[in-house]
Amino acid sequence: MHIHVLGSGAGGGFPQWNCNCYNCDGLRKGTIKASRRTQSSICVSGDGVNWVLFNTSPDVLQQIQEFPPLQPGRSIRDTGIAGIVLIDAQIDHTTGLLMLREGSVKKEIYCTNMVYQDLTTGNPLLNILDFYCGVNHHEIAADGVTQFEIEGAKNLKFTAVALKSAAPPYSPHRNDPHPGDTIGMLIEDTLNGKKCFYAPGLCEIESHLPVLMNQADCIMVDGTFWTNTEMIDLGLMTKTARSIGHNPQSGKDGMIEKLDQFNANRKILIHINNTNPILREDSSEREELSRHGIEVAFDGMDIIL
Ligand code: HKS
Ligand code: ZN
Ligand code: ZN
């Protein structure tokens, strides 16, 4: 399978429009070794022609333009996107749906019932999209067992699993978490048996996850923050990383320690916040990741499994 990283940044991207932290300021001035990042999304193909879009970033139009295979041009109106999987209902993962409203071909949207509810109530994107191209909702069971296919996405099979996390700030059940608010996905290439576990919203490796993660040749997980108090230390927020659903990389019970327990060939962090020191390619934090065999996703990264 071919995995293409369309966007590797967290919400707001990098640099973030309103931010003058060391990283954002340094990137604009060219004084740090780092590259800009659009908001988190990947696409996956089992045949190089038909693609599944994972999440729909506010930057989706730019991302499509920068990856020609998503625009094969076989007819006057056409797309290489066979289906869209939403792993949660967060703004940075869903807003791009409105940018894909043109045309009369219904959007084939795969998400859990919880995500569908949020996107038809608190943030009724799907109701609005229905007035344009129309929407076909395919409900995903996030039980970690049920496999499903996406019509047109050849040679790929998917297994979704519920992850512990909070629904978006606008959700009617923001403070009342439900299974399916956020999911991880095991993606399998049915031709060569290779698997990728994709979970940009992974906050905690709960006991039901290793059975899926241990099968994966490639693990792509949440890389938002380096420390639990990153935003507090910079005076940007009063909440810790963990309290807003992001497990930091460093320290006890951090993502580095957790990933050490898995033997996947590739371990890749995605959804990196603008404040994270791992964005600087010559930072000691980045070196520490390398020592643990952990890579940092970048826009345009290709992973062939
Ligand atoms: C900044 C943001 C930080 C950021 C936070 C979160 C908040 C929200 C929630 C996130 C993200 C980026 N870029 N989604 O100010 O530096 O409370 O649920 O998801 O992408 S968590
Ligand atoms: Zn986010
Ligand atoms: Zn910043």
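The values are calculated or read from the model by the stated rules, or taken from the named source; none is laboratory data. Because the structure is a prediction, the values reported are computed rather than measured. Cβ sites come from the backbone with ideal geometry, for glycine too, and all protein chains shown count toward neighbours. For the accessible areas, the whole protein counts, side chains as well, though only heavy atoms, and no ligand, DNA or RNA atoms are used. Shrake-Rupley method; radii C 1.70, N 1.55, O 1.52, S 1.80 Å.
See the values below:
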{"item": "Residues that are touching a residue at least 24 places away in the same chain (Cβ under 8 Å) and within 16 Å of ligand 2 (Cβ to nearest atom), drawn from the range 16-34", "result": "16, 19"}
{"item": "Condition met for residue 211 (β-branched (Val, Ile, Thr), touching a strand residue (DSSP E or B) at 6+ places or on another chain (Cβ under 8 Å) and open to solvent by 10 Å² or more (accessible area, probe 1.4 Å))", "result": "yes"}
{"item": "Filtered residues of the range 259-277 (kept if more than 16 Å from ligand 2 (Cβ to nearest atom) and either assigned to a loop (DSSP other than H, G, I, E, B) or free of Cβ contacts under 8 Å to residues at least 12 places away in the same chain (or both))", "result": "260, 261, 262, 263, 264, 265"}
{"item": "Strands (runs of 3 or more DSSP E) lying entirely in the range 123-191 (those with 3 or more residues that are crowded, with 20+ Cβ neighbours inside 10 Å and in contact (Cβ under 8 Å) with a residue 60 or more places away in the chain)", "result": "183-189"}
{"item": "Any hit, the range 120-132, residues being on the phi > 0 side of the Ramachandran plot and out of contact with any Asp or Glu (no Cβ under 6 Å at 6 or more places or on another chain)", "result": "no"}
{"item": "Complete set of residues in the range 214-239 that are open to solvent by less than 40 Å² (accessible area, probe 1.4 Å) and either more than 21 Å from the chain's Cα centre (by Cα) or not small (Gly, Ala, Ser) (or both)", "result": "217, 218, 219, 220, 221, 222, 224, 225, 226, 230, 231"}
{"item": "Any hit, the range 66-85, residues being within 16 Å of ligand 1 (Cβ to nearest atom), at negative phi and open to solvent by less than 10 Å² (accessible area, probe 1.4 Å)", "result": "no"}
{"item": "Criterion (open to solvent by less than 30 Å² (accessible area, probe 1.4 Å) and either in a loop (DSSP other than H, G, I, E, B) or among the hydrophobic types (A, V, I, L, M, F, W, C) (or both)) met by exactly one of 256, 205", "result": "256"}
{"item": "Residue pairs meeting the criteria (Cβ under 6 Å; at least 6 apart or on separate chains; first in contact (Cβ under 8 Å) with a residue 12 or more places away in the chain, in the range 88-110; second open to solvent by 40 Å² or more (accessible area, probe 1.4 Å) and in a loop (DSSP other than H, G, I, E, B))", "result": "95/58; 96/58; 101/132; 103/77"}
